[in-house]
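These notes are about the structure you will find just below.
Just so it is clear, none of the values below were taken in a lab; they were calculated from the coordinates. Keep in mind that what you see is a predicted model, and the values were worked out from it rather than measured. In this analysis, Cβ positions are derived from the backbone assuming ideal geometry, glycine residues included, and neighbour counts consider all displayed protein chains.
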Amino acid sequence: MAEITLTTENFESEVLNSDIPVVVDFWATWCGPCRTMGPILSSYAEKVQGKVKVGKVDVDAQEDLAAKYKVMSIPTIIVFKNGEIAAKAVGVQTAEKLAEMVGE
């Protein structure tokens, strides 16, 4: 699996200090659209491995991260570049939309 499980403990090192773009999926196990997004994200992560990191934040387990980034609806996808938010989208996104958000 190419996706990284993100927590408050590793978020800074994996996302904010990353030298490549990071696509972060804020999701929950009970969320239907999040389950739809899962395979799209996995496929995208495999395709861009080494060029873009893909991580997942379980909003139920990581409430502090969800609050910090003002995630009100899920799935929410946030792209980080150089530790800053570069793009944000709510709802199921296509692989093409993910690539566009990253700037590929």
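Here are some notes:
- Taking a straight Cα-Cα cut-off under 13 Å and skipping sequence neighbours fewer than 8 places away in the same chain, the aspartates and glutamates within cross-link reach of Lys47 are Glu3, Glu96, Glu104.
- Computed on the range 4-102, with alpha-carbon pairs under 8 angstrom and 6+ residues apart, the relative contact order is 38 percent.
- DSSP-defined beta bridges in the chain - what % are antiparallel, rounded to 5: 60 percent
- Reachable lysines, given that their alpha-carbon falls under 20 Å from the alpha-carbon of Lys70 and they are not under 8 places away in the same chain: Lys56, Lys81, Lys88
- When you filter the trypsin sites (Lys or Arg not before Pro) in the range 5-91 for DSSP loop state and at most 10 other Cβ atoms inside 10 Å of their Cβ, you are left with Lys51, Lys70.
- Helices in the chain, meaning DSSP H runs of at least 4 residues, each add -39500 (n - 2.57). Divided by all residues, the mean residue ellipticity at 222 nm is -9000 deg cm²/dmol.
- Restricting the GluC sites (Glu not before Pro) of the range 1-56 to loop positions (DSSP other than H, G, I, E, B) with no more than 16 neighbouring Cβ atoms within 10 Å leaves Glu9.
- A Förster distance of 30 Å, applied to the separation of the beta-carbon atoms of Glu84 and Arg35, puts the FRET efficiency at 0.55.
- A simple spin-label model places the labels of Gln49 and Thr8 3.2 nm from each other, with each point 7 Å out along Cα-to-Cβ.
- Here the Karplus curve 6.51 cos²θ - 1.76 cosθ + 1.60, taken at θ = phi - 60°, turns the phi angles of the range 90-104 into couplings of 10, x, 5, 10, 7, 4, 5, 5, 4, 4, 5, 4, 6, x, 6 Hz, with x standing for Gly and Pro.
- Legend: translational diffusion of the range 28-104 by Stokes-Einstein, Rh = Kirkwood radius over C-alpha pairs, 10 °C, 1.306 mPa s; D = 123 µm²/s.
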